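A short worksheet on the structure shown next.
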Amino acid sequence: MSEPVIELKDVVVDYPLENSLGIARKLLRRGSIRKKRALRGLTFSIHDGERVGIVGHNGAGKSTLLRVLAGILPPSSGQLAVRGAVAPLFEFATGFEMELTGYENIRIRGLLQGLSSQQIKDRMPEIAEFSELGEALSQPVRTYSSGMFIRIAFSTATSIDPEVLLIDEAFGAGDQHFSVKSAKRMRELMAKGRVLVFTSHNLDLVKSLCTRVIWLREGNIVMDGHADEVLEQYRISESVI
Ligand SMILES: Nc1ncnc2c1ncn2[C@@H]1O[C@H](COP(=O)(O)OP(=O)(O)OP(=O)(O)O)[C@@H](O)[C@H]1O
């Protein structure tokens, strides 16, 4: 079998439960920093062509797992390999430099996604056009509405032909016009992408999009297997609660 596109081994994520001042004070006093363990040693691989749904109740660790796969959040311990270009289609409103212009923010996001300066330059007209932001792209993004941030982030994230598509169903694609346009582009990318990882509370949508489902509970994998089988068990457990 070929090398997996995504490979996790004993991946743990702890969130500090203190702000940076609290952490500094604890360090000075040699006290222990309180943490919340969100992922408790996940091990799995995803191969070419797999469409994987991640399900679980609130707080199960779905968003944390997507952030780890996107490289936004480094694991606290364990090993992670993601082979190929990743398009993270969630948390669009985070990570902007407020004093810089729309164009500059597109460049930064592109570099973070692993594009070269030349690739960004080549794609800039297409990204700008898809965003439909026009002259506003020359303004500092602190002047933008929340929908305008989404336009930049979505247009940049989908400007590559990604091998790995990470989608949180609750991604919120802005106004009606842009959400129709972005849904169409997402479907095109899903048809082309080698791997899809999709989190959602909408089990019918998961069933229609995914071949495999990983069920998380409190940062552990409860079940990992064929979508129909895992969703059936998950539904039974939900009706018991
Ligand atoms: N920034 C943070 N600081 C501290 N704890 C966090 C942080 N983000 C998430 N957590 C905790 O980590 C755990 C996993 O959260 P996560 O957001 O990954 O769950 P989820 O499955 O995506 O939930 P939901 O379905 O509600 O979106 C939860 O217990 C949550 O309270």
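The values are calculated or read from the model by the stated rules, or taken from the named source; none is laboratory data. Quick caveat: nothing in here was measured; it's all calculated off a predicted structure. Cβ coordinates were reconstructed from backbone atoms using ideal geometry, including for glycine residues, and neighbour counts include every protein chain displayed.
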For region 197-217, enumerate the residues that are within 19 Å of Phe92 (Cα to Cα) and in contact with a Ser or Thr (Cβ under 9 Å, 6 or more places away or on another chain). Thr199
Considering (1) surrounded by 21 or more Cβ atoms within 10 Å (Cβ to Cβ); (2) assigned to a strand (DSSP E or B), say which one Leu69 fails and leave the rest. (2)
Enumeration of residues in region 193-216 that are part of a strand (DSSP E or B) and either within 26 Å of Ser155 (Cβ to Cβ) or of a type in the set (Lys, Arg) (or both): Val195, Leu196, Val197, Phe198, Thr199, Arg212
Region 14-38, subset near the ligand (Cβ under 8 Å from one of its atoms) and of a type in the set (A, V, I, L, M, F, W, C), residue surrounded by the most Cβ atoms within 10 Å (Cβ to Cβ): Ala38
Select from region 197-212 the residues that are out of contact with any His (no Cβ under 8 Å at 6 or more places or on another chain) and under 13 Å from Val52 (Cα atoms) and list them in ascending order. Val197, Phe198, Thr199, Ser200, Leu203, Leu205, Val206, Lys207, Ser208, Leu209, Cys210
With the checklist (1) modelled with pLDDT under 85; (2) in contact with a Ser or Thr (Cβ under 6 Å, 6 or more places away or on another chain) in hand, flag the one item Asp14 doesn't pass. (1)
Answer yes if at least one residue in region 104-125 is part of a helix (DSSP H, G or I) and closer than 25 Å to Leu209 by Cα, and no otherwise. no
Need the failing condition index for Ile6 against (1) closer than 24 Å to Lys207 by Cβ; (2) within 16 Å of the ligand (Cβ to nearest atom); (3) at pLDDT 95 or above; (4) touching a helix residue (DSSP H, G or I) at 6+ places or on another chain (Cβ under 8 Å), just the number. (2)
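A quick yes/no check of all residues on (1) under 30 Å from Glu229 (Cα atoms); (2) in a helix (DSSP H, G or I); (3) more than 16 Å from the ligand (Cβ to nearest atom):
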{"position": "Ile127", "(1), (2), (3)": "no, yes, yes"}
{"position": "Leu137", "(1), (2), (3)": "no, yes, yes"}
{"position": "Phe154", "(1), (2), (3)": "no, yes, yes"}
{"position": "Pro162", "(1), (2), (3)": "yes, no, yes"}
{"position": "Phe178", "(1), (2), (3)": "no, yes, yes"}
{"position": "Lys181", "(1), (2), (3)": "no, yes, yes"}
{"position": "Glu188", "(1), (2), (3)": "yes, yes, yes"}
{"position": "Ala191", "(1), (2), (3)": "yes, yes, yes"}
